[in-house]
Amino acid sequence: NPIVDKKKFTAHDVKKRHKTMKPACLWQQGTMMDLDVILSDSSEVPTGWPALTTTNDNTEQQFDNINQATILASWTQQNLILGGKPHDPNSKASFLSIMMGSHTDQEMNRRNTTLDFQLTDAIWNNETHVYAHLRLQRRVNKNRKPRNEDVLVKQMVLTRHRKRKKNRDVKSLINSEKDEEEANKVHDSSILTQASLNKTHDQLLLYIKPSLTIQFVELGTMDLPPRNSMPKQFADHMDWYDGETNEMDGDGWLYYPILYNSEFWISYGSLKEVNGTMKESVVDVTLEPVPMWKWQLQSGMVDNQRKQESFTGEE
């Protein structure tokens with residue numbers, strides 16, 4: 001396409017052009033992929049990896065006060081197939097089969113494991129979080145090195161802060177046998193342990209999640225609106241490739257496969273408090289495909305829950 005001077009276009013021209021610049025996945029269906037997952041106590045991407053594909057402004061992800069990262073655990077999965085394999089290559093997918101995610105065989109994209117790891121002083125002293133770094137890379141010809149368009153790098157946080165209200169029952173604080181036994185124990189001096197023992201004031205404590213669920217969101221042949229008018233429930237979870245931009249507004253219109261960190265099944269009761277008495281932890285990791293309708297339903301419910309938490313000051 002010839003280079004076009006943007007100043008010559010009217011608002012009507014821009015709107016018309018955007019109709020032809022529908023977003024499309026950067027990688028084709030059937031692309032072979034490999035996934036690396038590294039758990040670390042640093043927000044910095046692992047050595048040798050490209051930078052994050054999309055910078056996240058989440059305050060939890062900016063919370064990091066350590067000098068040297070510690071690799072806690074790792075997991076590698078190969079031979080993943082974007083979109084899976086058609087059950088019958090000669091058959092056409094109906095709208096219903098695409099919505100239900102039943103037109104293709106996705107069993108090769110279902111993986112799971114359990115990662116055990118030791119906690120570090122930086123975590124016990126509330127200086128950082130436990131981060132999951134993900135690198136999804138498509139297979140390329142051996143004659144060339146992977147480029148930016150071949151690699152998706154994301155970051156997910158496995159810990160979160162919650163406020164624990166102070167104990168307002170003064171009598172129970174003085175007379176409780178359990179509290180007396182707790183007070184007589186020899187405790188470590190970590191910041192989170194001391195905060196956990198302080199029941200007379202509100203405390204912001206750190207909790208670790210029991211699982212990491214990584215979902216491949218299957219959009220199928222669904223037509224998405226232009227990037228500038230993308231609904232927020234889609235846009236918030238998409239990573240755009242800006243190496244190839246349209247000539248109208250300079251925005252990229254190709255997106256990477258959607259990798260979503262689902263916390264739909266994580267309840268308050270399943271969160272474990274982190275302090276110096278927790279020497280190690282376990283995280284169940286699941287990789288699974290999910291149809292678009294199910295992803296929208298579950299992610300919408302999680303987003304609404306987070307909004308409620310922000311109003312009540314729980315987070």
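What tally of residues in region 273-315 results from selecting those that are modelled with pLDDT of 90 or more, among the basic types (Lys, Arg) and loosely packed, with under 14 Cβ neighbours inside 10 Å?
The number of residues fulfilling the criteria is 1.
Out of all the residues in region 235-272, which are open to solvent by 50 Å² or more (accessible area, probe 1.4 Å), at pLDDT 85 or above and either part of a loop (DSSP other than H, G, I, E, B) or over 30 Å from residue 196 (Cβ atoms) (or both)?
Within region 235-272, 236, 264, 265, 267 meet the criteria.
Residue 232 - would you say it is open to solvent by 30 Å² or more (accessible area, probe 1.4 Å) and either modelled with pLDDT under 90 or within 26 Å of residue 82 (Cβ to Cβ) (or both)?
Numbers: open to solvent by 30 Å² or more (accessible area, probe 1.4 Å): yes; either modelled with pLDDT under 90 or within 26 Å of residue 82 (Cβ to Cβ) (or both): yes.
It is true that residue 232 is open to solvent by 30 Å² or more (accessible area, probe 1.4 Å) and either modelled with pLDDT under 90 or within 26 Å of residue 82 (Cβ to Cβ) (or both).
Which of the residues belonging to region 124-152 are assigned to a helix (DSSP H, G or I) and in contact with a helix residue (DSSP H, G or I) (Cβ under 8 Å, 6 or more places away or on another chain)? Spell out how you get there, then give the answer.
Going residue by residue through region 124-152, those that are assigned to a helix (DSSP H, G or I) are 124, 148-150.
Once the filter is applied, which keeps residues that are assigned to a helix (DSSP H, G or I) and in contact with a helix residue (DSSP H, G or I) (Cβ under 8 Å, 6 or more places away or on another chain), region 124-152 yields only 124.
Report whether or not residue 144 is open to solvent by 50 Å² or more (accessible area, probe 1.4 Å) and at pLDDT 95 or above. Explain how you work it out, then say what you get.
Numbers: open to solvent by 50 Å² or more (accessible area, probe 1.4 Å): yes; at pLDDT 95 or above: no.
Criteria not met by residue 144.
Please verify whether region 205-226 includes one or more residues that are at pLDDT 85 or above and either open to solvent by 80 Å² or more (accessible area, probe 1.4 Å) or at positive phi (or both).
No - not one qualifying residue is present in region 205-226.
Give the residues of region 34-51 that are surrounded by fewer than 19 Cβ atoms within 10 Å (Cβ to Cβ) and in a loop (DSSP other than H, G, I, E, B), sorted by residue number. Step through it out loud before you land on a result.
Looking only at region 34-51, we keep the residues that are surrounded by fewer than 19 Cβ atoms within 10 Å (Cβ to Cβ), and these are 34, 36, 44, 46-51.
Within region 34-51, 44, 46, 47, 48, 49, 50, 51 meet the criteria.
The values are calculated or read from the model by the stated rules, or taken from the named source; none is laboratory data. The model shown is predicted, which means the values in this text are computed figures rather than measured ones. We place every Cβ from the backbone using ideal geometry, glycine too, and count neighbours over all the protein chains shown. For the accessible areas, the whole protein counts, side chains as well, though only heavy atoms, and no ligand, DNA or RNA atoms are used. Shrake-Rupley method; radii C 1.70, N 1.55, O 1.52, S 1.80 Å.
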